[in-house]
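Asks: Sending over a structure as structure tokens; questions will come in a sec.
Throughout, read-outs are computed from the coordinates displayed, never taken from laboratory work. Everything quoted here is computed from the prediction, not taken from an experiment. Here Cβ is always computed from backbone atoms with ideal geometry, including for glycine, and neighbour counts include all displayed protein chains.
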Amino acid sequence: MTKQFTLAELASHIGAELRGEGSTQISGVNTLKDAGRSEVSFLANASYRSQLAQTQAAAVIVNPDAAADVSGAALVLANPYLGFAQVTQLFDNRPPVSPGIHPTAVIADTAEIGSNVSIGAHAVVGEHCQIGDDCEIGPGTVINAHCVLGQGCLLNANVTLCHDVVLGERVRIQSGAVIGGDGFGFAPDNGRWHRIAQLGGVRIGSDVEIGVNTCIDRGALGDTVIGNNVILDNLIQIGHNVQIGDGTAMAACTGVAGSTTIGKHCTIAGAVGIAGHLQLCDGVHIAAMALISKSITEPGAYASGTAQMPMQEWRRSATRFRQLDSIAKRLQQLEKGQKGKS
């Protein structure tokens, strides 16, 4: 069944000022370019402002500065992107799941299952686990011994929680994620590697989002800790004993080596590499493909990757980069010579 809301209902839900007819029925959300006459759109990026004149949307979510450019109805608020996010939640088309335990699921006798919990086909819940009220465990998901899930957690299909993983409330984990696998700890001895038993666990706060195929290793000694309201994209690797502060966001393909601490409200762009045993303070913003090899003690934006350029120009730049050390040495010699003459 198609969901429908009036513009007045949407305005009330997102706390926006409504400019237009409140009884207009809205059946979906779309871009300015593709929205139809029963859909609402939004303007959060000024580069799309020219599309306001042509959009067929029934209404547009805009900030006050752009409201005058909207030819039709407008939902006006200071943060249009937040309003857009809140409206999409109303139209969420994820199929509903009814509480209950599928007959093929395997639940340990010592596990404690809360009320209104849904556990899908072939899921496994291990010994002494605690599953909070209103949780949803997808098909094929494995929750090993001594795990704890707070209220309202969602684990999609084929998630793995290794033993001693603790989730706060309303944690959402996408398919293929592995939480609490062994960290990359080995001791060398005459050409052989000896595994270091990983004796810690993983503690994850509330309102955390963890993307597809992301891996968070358990602590070697002590726990790996993810704060509240952290969002982790797909294909991220978090090493053992890493700590990530509240409100930090990390994009896909980033890797964080063991025992590094990342502060609160940081943003880490895609494919960033962060070395181990570092400290990143609160409010650090790292550009895509940066390599972070030393601690950051001052908030701000940091980058180390080179931007795209034509191949021939890049090759010349790479050659010159390799020559920098010899150039610096020659410059030092010249400076010494100049000082000697003076």
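Asks: State whether the range 226-265 is rounded, prolate or oblate according to the following rule on the C-alpha gyration tensor (a ≥ b ≥ c being the square roots of its eigenvalues): a/c under 1.5 gives rounded; otherwise a/b larger than b/c gives prolate, and the remaining case gives oblate.
Replies: oblate
Asks: Let me ask something else about it. How big is the Cα convex hull of the chain in projection, averaged over all directions, in nm²?
Replies: Value for the chain: 27.3 nm².
Asks: Another one. For the range 102-302, what mean projected area does the convex hull of the alpha carbons give, in nm²?
Replies: 11.1
Asks: Give, in nm to one decimal, the length gained when the segment between residue 320 and residue 90 is fully stretched (0.36 nm per residue of separation minus the Cα-Cα distance).
Replies: Answer, rounded to one decimal: 77.3 nm.
Asks: Report the Cα centroid-to-centroid distance between the range 163-209 and the range 243-284 in angstrom, as an integer.
Replies: One Cα centre to the other: 16 Å.
Asks: Still on this structure, I have one more. Once amide H atoms are placed 1.01 Å from N in the peptide plane, what residues at a sequence separation of 5 or more from residue 181, or on another chain, have their amide H within under 5 Å of its amide H?
Replies: Those qualifying (amide H under 5 Å, at least 5 residues apart or on another chain) are 162, 216, 218.
Asks: While we're looking at this one, here's another question. Scan around residue 6 for amide H atoms under 5 Å from its own, H built in the peptide plane at 1.01 Å from N, and keep only partners 5 or more places away or cross-chain.
Replies: Sorted by chain and number, the residues that satisfy this are 26.
Asks: Can you pull a Stokes-Einstein diffusion coefficient for the range 225-317 at 10 °C (1.306 mPa s), Rh from Kirkwood over Cα pairs, as a whole number of µm²/s?
Replies: Estimated diffusion coefficient is 119 µm²/s.
Asks: Related question: Arrange the following residues from fewest to most other Cβ atoms within 10 Å of their Cβ: 129, 253, 147.
Replies: 253, 129, 147
Asks: Going by C-beta contacts inside 10 Å, put 309, 250, 289 in order with the fewest on the left.
Replies: 309, 289, 250
Asks: Which value in Å is the Kirkwood Rh of the range 5-90 over different Cα pairs?
Replies: Radius from the Kirkwood sum: 12.1 Å.
Asks: Taking the square root of 5 times each eigenvalue of the Cα gyration tensor, what semi-axes in Å does the equivalent ellipsoid of the range 155-229 have, largest first?
Replies: 27, 14, 8
Asks: Where in the range 172-197 does the amide nitrogen come within less than 18 Å of the point 7 Å from the Cα of residue 79, taken along Cα to Cβ?
Replies: none
Asks: Among the lysines, select those whose C-alpha is under 28 Å from the C-alpha of residue 339, and discard any that sit fewer than 8 residues away in the same chain.
Replies: 329
Asks: Now, a different point. Run the numbers for residue 4 and residue 302: contour at 0.36 nm per residue of separation, minus the present Cα-Cα distance, in nm.
Replies: Here the segment from residue 4 to residue 302 would lengthen by 102.9 nm.
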